[in-house]
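Below is one structure, written out as structure tokens; comments come after it.
The values are calculated or read from the model by the stated rules, or taken from the named source; none is laboratory data. It should be emphasised that the depicted structure is a prediction, and the values quoted were computed from it without experimental measurement. All Cβ positions, even for glycine, are placed from backbone atoms using ideal geometry, and neighbour counts span all protein chains on display.
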Amino acid sequence: MHDPAFSAPFSSVPAILAVDGGGTKTAAVRIGQDARVQAYQTTGGSNPFDQSGWQEVLTDLVTPMSEGVLAFAFGLAGYGENRAFGETIRTHLHSLCPNGVFTLSNDVDMACNGAFAEGAGVLLLSGTGAIAWARNALGQTTRVGGWGSTFGDEGSAYWIGRKALQLLCQAFDGRAPDAVPFARRLCAHMGWADTNPAAVDALLGWHAAQARPRSAVAQCARLVDTLAEEGCPQALALLKAAAVELARCVQTARAHFEPDTVGMAPLPWSYAGSVFNSRLIRTELATLCGTPQPPRLPPLGGGILRAARQAGWRIDSDWISTLAENLQTLPATSTSPTTHLLPARQAEKAGS
């Protein structure tokens, strides 16, 4: 059900609805023609490619908020990577939209659309995974990275956490003796013994016990950042290496469009994801890629703009600015690099 704090007489209030469906969280927001939030709700993940209950998740989230909606926009994780399954997704979404008017894209594409308010640029997303998504002035898009933890996601929180735990093993078995102080600080934080073989045994046991081992390893990136801020050389090296990998994504995405932009400034870049909570990562990337452009809108905003266009609403700079202000009041949608992926909490009424 939608949060009553955002409720409205839906039958008499025209609106649009945007849905951002990720692997761990799905968020939906209902927006009126005045750019104000009418309803907002979050629930569990809805990635159609690795979660069997994705249809129920989307149905339970969207149905209570759909009355009177003129147009819907969905951004779903992994969409576009399997054409045949894409038709199954579209068929289900069509059943959720009373008037059948909706757009569907990859969730990263939708985030890029929001970050640049439909303009050109490169969105670098680095959370548990990592990917760059770029759009040029003609609306053409390209992606770099995002191939999952087995084949890619370099520079992501998972990549940083795995490298840190790998270094812990190497420190205690003698391959990286200089990293022993770093490894012992990791062990102290995790509550593990800090000598070999007990430390590595504790690590392996911890990993085996995790219900979501990829997310658990990714959480270690926060500790690496803390140690780097304290001057730990191994932690600093890990973050710099992550920044280099992420910068390659931005640079490669820009290069894809360079033949069409000779003599022009490189595409601006922006950011999203928990890795950008790191001051050191942000500073290093600014050196490698230039100063980033703060996201104009959060990922849901990219969907809102598409739905508004479909509804035939007049969208100008003032409307987008009002929308940005209203979305800032919602939990987990702020575009500040220090807050935009904080855990969701009870929504408070926009504009109150």
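Tell me the residue from ALA272, ALA247, ALA242, ALA286 that is buried (at least 22 other Cβ atoms within 10 Å of the Cβ) and modelled with pLDDT of 95 or more, please. If you could, list the steps in order and put the result at the bottom.
Values: ALA272 fails: modelled with pLDDT of 95 or more; ALA247 fails: buried (at least 22 other Cβ atoms within 10 Å of the Cβ); ALA286 fails: buried (at least 22 other Cβ atoms within 10 Å of the Cβ).
None of the other options fit; the residue is ALA242.
Looking at ALA188, ALA193, which one is among the hydrophobic types (A, V, I, L, M, F, W, C) and assigned to a helix (DSSP H, G or I)? Give the derivation first.
Working: ALA193 fails: assigned to a helix (DSSP H, G or I).
Unique residue meeting the criteria: ALA188.
Out of the residues in segment 29-57 that are under 21 Å from PRO14 (Cα atoms) and of a type in the set (A, V, I, L, M), which is farthest from the chain's Cα centre (by Cα)? Talk me through it step by step, then tell me what you get.
Just the residues of segment 29-57 that are under 21 Å from PRO14 (Cα atoms), to begin with: 29-41.
Add one more test, that the residue is of a type in the set (A, V, I, L, M), and what stays is 29, 31, 35, 37, 39.
On the way: VAL29: 16, ILE31: 21, ALA35: 23, VAL37: 21, ALA39: 21 Å.
Once the filter is applied, the top-ranked residue is ALA35.
So if I check each of GLY127, GLY146, GLY78, which one is on the phi > 0 side of the Ramachandran plot and assigned by TED's automatic domain parsing to the domain that holds LEU285? Steps first, answer last, please.
Working: GLY127 fails: on the phi > 0 side of the Ramachandran plot; GLY78 fails: assigned by TED's automatic domain parsing to the domain that holds LEU285.
Answer to the check: GLY146.
Restrict the check to segment 130-139 and report whether at least one residue is over 22 Å from GLY273 (Cβ atoms), free of Cβ contacts under 8 Å to residues at least 12 places away in the same chain and in contact with a Lys or Arg (Cβ under 6 Å, 6 or more places away or on another chain). Working first, answer last.
Of the residues in segment 130-139, the ones over 22 Å from GLY273 (Cβ atoms) are 136-139.
Right, trim to free of Cβ contacts under 8 Å to residues at least 12 places away in the same chain and you get 139.
With in contact with a Lys or Arg (Cβ under 6 Å, 6 or more places away or on another chain) added as a condition, the list becomes none.
Among the residues of segment 130-139, not one is over 22 Å from GLY273 (Cβ atoms), free of Cβ contacts under 8 Å to residues at least 12 places away in the same chain and in contact with a Lys or Arg (Cβ under 6 Å, 6 or more places away or on another chain), which makes the answer no.
Does LEU223 satisfy the criteria of being touching a His at 6+ places or on another chain (Cβ under 6 Å) and assigned to a helix (DSSP H, G or I)?
On the way: touching a His at 6+ places or on another chain (Cβ under 6 Å): yes; assigned to a helix (DSSP H, G or I): yes.
Yes, satisfied.
Picking from ALA171, ALA218, which residue would you name as being part of a helix (DSSP H, G or I), surrounded by 13 or more Cβ atoms within 10 Å (Cβ to Cβ), touching a residue at least 40 places away in the same chain (Cβ under 8 Å) and assigned by TED's automatic domain parsing to the domain that holds GLY146? Walk me through it before giving the result.
Values: ALA171 fails: touching a residue at least 40 places away in the same chain (Cβ under 8 Å).
The match here is ALA218.
With respect to the numbered conditions (1) modelled with pLDDT of 85 or more; (2) over 24 Å from PHE276 (Cβ atoms), which one is the sole condition not fulfilled by GLU87?
(1)
So which of LEU246, LEU267, LEU203, LEU285 ends up being touching a strand residue (DSSP E or B) at 6+ places or on another chain (Cβ under 8 Å), of a type outside the set (Asp, Glu) and more than 20 Å from GLY155 (Cα to Cα)?
On the way: LEU246 fails: more than 20 Å from GLY155 (Cα to Cα); LEU203 fails: touching a strand residue (DSSP E or B) at 6+ places or on another chain (Cβ under 8 Å); LEU285 fails: more than 20 Å from GLY155 (Cα to Cα).
So the residue among LEU246, LEU267, LEU203, LEU285 that is touching a strand residue (DSSP E or B) at 6+ places or on another chain (Cβ under 8 Å), of a type outside the set (Asp, Glu) and more than 20 Å from GLY155 (Cα to Cα) is LEU267.
Being part of a helix (DSSP H, G or I) and crowded, with 24+ Cβ neighbours inside 10 Å is the filter here, so list the residues in segment 146-168 that pass it. If you could, list the steps in order and put the result at the bottom.
Of segment 146-168, the ones part of a helix (DSSP H, G or I) are 148-151, 157-168.
Residues satisfying the conditions are ALA157, TYR158, TRP159, ILE160, LEU168.
Counting only residues that are surrounded by 23 or more Cβ atoms within 10 Å (Cβ to Cβ), β-branched (Val, Ile, Thr) and not in a loop (DSSP other than H, G, I, E, B), which one in segment 99-139 is modelled with the lowest pLDDT?
Here the residue is VAL108.
Taking ALA255, is it modelled with pLDDT of 90 or more, under 29 Å from GLN166 (Cβ atoms), of a type in the set (A, V, I, L, M, F, W, C) and assigned to a helix (DSSP H, G or I)?
No: the conditions fail for ALA255.
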